[in-house]
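Report on the structure given below.
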């Protein structure tokens, strides 16, 4: 896997967090499950705003791990709405890591991407329509 340095998107991230030692395995790589959970949180934040209320994760349509994350990376999640159905919302999430290198240089890498589907709910198990804009 070739990791290519890039830059962060111009817009503000939906979520930004620094990885910690307890998020990693013994070699210092961040667990994929940790990253998946953060992607779900970022996607749900965008879906809930558009749905004007609670949403639940219905599906992860696709997800790719493009590069590893390490302890103390600053991870930025950029989530955007790509489709609205009658009760569902599809969200795309791109993930970037900023890593401190020698002499204060910070490198940025695109580390993951995912597409998730959320369903608007009134209460657990009860779907509701996504409001019109």
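The values are calculated or read from the model by the stated rules, or taken from the named source; none is laboratory data. What you see is a predicted model, and the numbers here were worked out from it, not measured in a lab. Using ideal geometry, Cβ is built from the backbone for each residue, glycine included, and neighbour counts are taken over all protein chains shown.
Observations, loosely collected:
- Within region 29-52, tally of residues that are exposed (fewer than 14 other Cβ atoms within 10 Å of the Cβ), in a loop (DSSP other than H, G, I, E, B) and either in contact with a helix residue (DSSP H, G or I) (Cβ under 9 Å, 6 or more places away or on another chain) or free of Cβ contacts under 8 Å to residues at least 40 places away in the same chain (or both): 0
- The residues on offer are 130, 95, 121, and the sole one that is touching a strand residue (DSSP E or B) at 6+ places or on another chain (Cβ under 6 Å), buried (at least 18 other Cβ atoms within 10 Å of the Cβ), within 23 Å of residue 38 (Cα to Cα) and modelled with pLDDT of 95 or more is 95.
Rundown of residues vs (1) closer than 21 Å to residue 122 by Cα; (2) more than 13 Å from the chain's Cα centre (by Cα), yes/no style:
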| residue | (1), (2) |
| --- | --- |
| 25 | no, yes |
| 33 | no, no |
| 36 | no, no |
| 44 | yes, no |
| 63 | no, no |
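- Pairs linking a residue in region 3-24 that is surrounded by 16 or more Cβ atoms within 10 Å (Cβ to Cβ) to a residue that is part of a loop (DSSP other than H, G, I, E, B), with Cβ atoms under 7 Å and 6 or more positions apart or on different chains, are 19/69; 19/71; 19/72; 19/73; 23/31; 24/31; 24/71.
- Only residues that are in a helix (DSSP H, G or I) and in contact with a strand residue (DSSP E or B) (Cβ under 7 Å, 6 or more places away or on another chain) were counted in region 2-28, giving 1.
- When residues in region 53-76 are screened for being part of a strand (DSSP E or B) and either surrounded by 13 or more Cβ atoms within 10 Å (Cβ to Cβ) or at pLDDT below 95 (or both), 11 of them pass.
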